[in-house]
1. Restricting to the stretch 51-89, name every residue that is aliphatic (A, V, I, L, M), open to solvent by 70 Å² or more (accessible area, probe 1.4 Å) and within 18 Å of Gln102 (Cα to Cα).
2. Can you name the residue in the stretch 206-264 that is within 20 Å of Arg312 (Cβ to Cβ) and β-branched (Val, Ile, Thr) and is also farthest from the chain's Cα centre (by Cα) among such residues?
3. Restricting attention to helices (runs of 4 or more DSSP H) lying wholly within the stretch 293-357, give those where 1 or more residues are open to solvent by less than 100 Å² (accessible area, probe 1.4 Å) and at pLDDT below 65.
4. Since Trp242 meets every condition but one in (1) in a helix (DSSP H, G or I); (2) touching a residue at least 60 places away in the same chain (Cβ under 8 Å); (3) crowded, with 18+ Cβ neighbours inside 10 Å, which condition does it not meet?
5. Collect the residues in the stretch 156-180 that are open to solvent by 90 Å² or more (accessible area, probe 1.4 Å) and polar (S, T, N, Q), keeping them in residue-number order.
6. Could you tell me which residue of the stretch 280-292 is least open to solvent (accessible area, probe 1.4 Å), considering only residues that are touching a residue at least 24 places away in the same chain (Cβ under 8 Å) and over 17 Å from Leu20 (Cβ atoms)?
7. Is it true that some residue in the stretch 258-279 is surrounded by 14 or more Cβ atoms within 10 Å (Cβ to Cβ), among the acidic types (Asp, Glu) and over 25 Å from Arg74 (Cα atoms)?
8. If we keep just the residues of the stretch 265-303 that are among the acidic types (Asp, Glu) and within 50 Å of the chain's Cα centre (by Cα), which is nearest to Pro219 (Cα to Cα)?
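The values are calculated or read from the model by the stated rules, or taken from the named source; none is laboratory data. These numbers come from a predicted model, not from an experiment. Methodologically, a virtual Cβ is constructed for each residue, glycine included, from the backbone with ideal geometry; neighbour enumeration extends over all protein chains shown. Note: areas computed on protein heavy atoms with side chains; ligands, DNA, RNA excluded. Shrake-Rupley method; radii C 1.70, N 1.55, O 1.52, S 1.80 Å.
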Amino acid sequence: MLAYQHAYHAGNFADLHKHLLANTLAEQLLRKESPVTFIDTHAGRGWYPLAARETEQLREYEQGVLPLWQTRSRWLSESGDMLQRATDKPIARWLARLADMQPDAGKNNASELSVYPGSPWWLSQSLRRGDRLLAYELHPGEIYHFDQAPVQRDSLGKVMRRQQDGLSGLLAAVPVTTPRVAVLIDPSYELKNEYRDVAEVVVETLRKSRHATIMIWYPMLPAGRQHDLLERLKKQSPAPMWRSELLIDTPEGEHGMYGSGMLVINPPWQFDRLFTTAMQEVVEVLKGALPAPQSVAVEHKSLWWLTEEVARARSEPKAMPRERLLTLRKLNQKVKRDTEVEVTQAKPKREKLKRGEGWAKPRVRTDSATPKSKGKRHSATAKPKTSIKAQVKDQVHGHSAPSEKRVSDKPSERSSSHAEPARPRGKGEAGGKDKSGWSDWSSSMPGSDRREGATRVNMRSTPAIGRDGQVNPSSTTKLPKKYAAKKRPEGTSEVGKPLDAREARALREQAEHNAGKGRGKPRGPRKP
């Protein structure tokens with residue numbers, strides 16, 4: 001709804017209450033060095049000449065800011081500077097800024113109040129290099145006047161205005177990029193559902209930014225609609241809240257605003273005491289300026305609507321009921337038992353395998369004699385086997401022979417185990433080509449003279465053929481017939497000496513060739 005224009009009510013007692021609180025809170029926040037983002041959800045024009053047609057129609061500023069301006073000599077000098085005794089008072093600093101922004105402030109005779117600024121002007125006066133202000137306004141006419149207002153603008157982009165609904169813009173802006181954020185929400189409340197919308201937006205904002213400082217203005221009406229807003233926030237807000245209310249009349253009739261209220265969520269430290277002291281001076285001035293029946297009702301009330309202890313207890317996780325706790329405990333025990341069963345059936349860790357404990361590590365057979373078994377995995381308890389043909393092939397080409405150590409399970413034997421002698425390196429390995437044969441290496445193994453109880457290390461099979469190509473007569477490996485060691489035939493120079501692999505293969509091939517000559521192999525049709 002775009003019928004409301006704040007120019008008709010500029011400078012009234014609600015503006016005095018709201019802007020004095022916003023200026024004091026901004027000063028408290030800017031005492032720290034960390035940057036702050038200020039968000040004004042309903043910025044308005046930001047600048048209101050009191051001689052304008054809309055403002056002169058109701059002249060509500062005569063019961064608000066004008067009485068304080070006429071008695072400013074209590075806190076300011078004739079030139080507009082603060083008195084020495086009033087430098088620590090928020091109302092003195094507020095009046096000094098109001099005097100500086102008047103058109104004839106430099107002439108030292110600003111006796112009349114001609115212009116009153118809006119909330120964007122008050123929030124933008126103390127912005128530092130890292131601070132910024134986001135001003136939202138939906139009314140197109142108010143946006144036009146806001147662009148003409150002398151709200152602080154510079155190359156750093158401290159002040160940014162957007163023609164958008166302020167509540168939706170707030171939800172889109174948080175969480176902000178700066179460490180801290182302060183929000184001012186002051187809608188017109190022309191619609192009844194605005195109280196509910198404000199409460200929902202504030203709760204969502206606190207969910208996104210838990211430590212955001214939020215100032216909410218609400219009118220005090222005889223219908224009591226503001227209580228719906230306050231109760232909703234008290235039930236749902238997880239942060240401490242402090243209320244400040246300025247009353248200038250009694251709630252009579254069905255229409256008319258008899259007071260102004262401000263709800264501050266997450267206020268700065270000692271802010272409640274500082275602002276309460278400032279409002280006491282405001283109440284004293286208003287009582288002397290308003291008519292007799294109305295001056296009696298002028299009063300300022302403040303209280304903690306939601307204390308910090310209650311808010312902290314609400315944000316902390318609640319204790320689980322005993323029945324639910326016992327049920328979850330039984331369920332965890334059952335899951336733990338099932339997990340232990342799965343762990344005992346699973347494969348042991350690599351550290352246990354290094355110590356010789358647990359099952360053997362599964363391997364992929366890539367050297368099997370049968371092509372069908374290549375690439376298949378063995379079970380966890382199966383031992384990898386290497387075919388005799390692959391062993392012989394490895395030995396002929398100079399590869400390392402497979403070996404297996406059997407370590408005794410007795411603790412005494414494990415403690416007195418001997419180290420396995422180093423094997424000779426193969427071709428291409430570190431250290432170059434070693435000319436020592438497998439026979440020499442196998443002869444260096446510990447013999448039968450070891451004392452009883454020592455660790456016994458046996459080779460699964462002794463190499464049949466050494467690296468020099470000679471057949472080892474003490475080999476325990478059973479070779480196929482085609483690789484079996486044969487004696488040299490008679491008529492040679494070395495009768496009875498074992499044949500090496502190359503000579504044995506040559507003899508076998510010669511025998512097969514001679515046997516094939518006597519057979520009549522069928523031939524195919526002769527080529528033309």
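1. As a first pass, look at the stretch 51-89 and keep what is aliphatic (A, V, I, L, M): 51-52, 58, 65-66, 68, 76, 82-83, 86.
Then drop every residue that is not open to solvent by 70 Å² or more (accessible area, probe 1.4 Å), which leaves 51, 58, 82.
Result: Ala51, Met82.
2. Looking at residues that are within 20 Å of Arg312 (Cβ to Cβ) and β-branched (Val, Ile, Thr), I get Val264.
3. 322-345, 350-354
4. (1)
5. If the condition is that a residue be open to solvent by 90 Å² or more (accessible area, probe 1.4 Å) and polar (S, T, N, Q), then Gln163, Thr177 are the ones that fit.
6. Step by step, filter the stretch 280-292, then rank; the result is Leu290.
7. Within the stretch 258-279, not a single residue is surrounded by 14 or more Cβ atoms within 10 Å (Cβ to Cβ), among the acidic types (Asp, Glu) and over 25 Å from Arg74 (Cα atoms).
8. Within the stretch 265-303, the match that is nearest to Pro219 (Cα to Cα) is Glu299.
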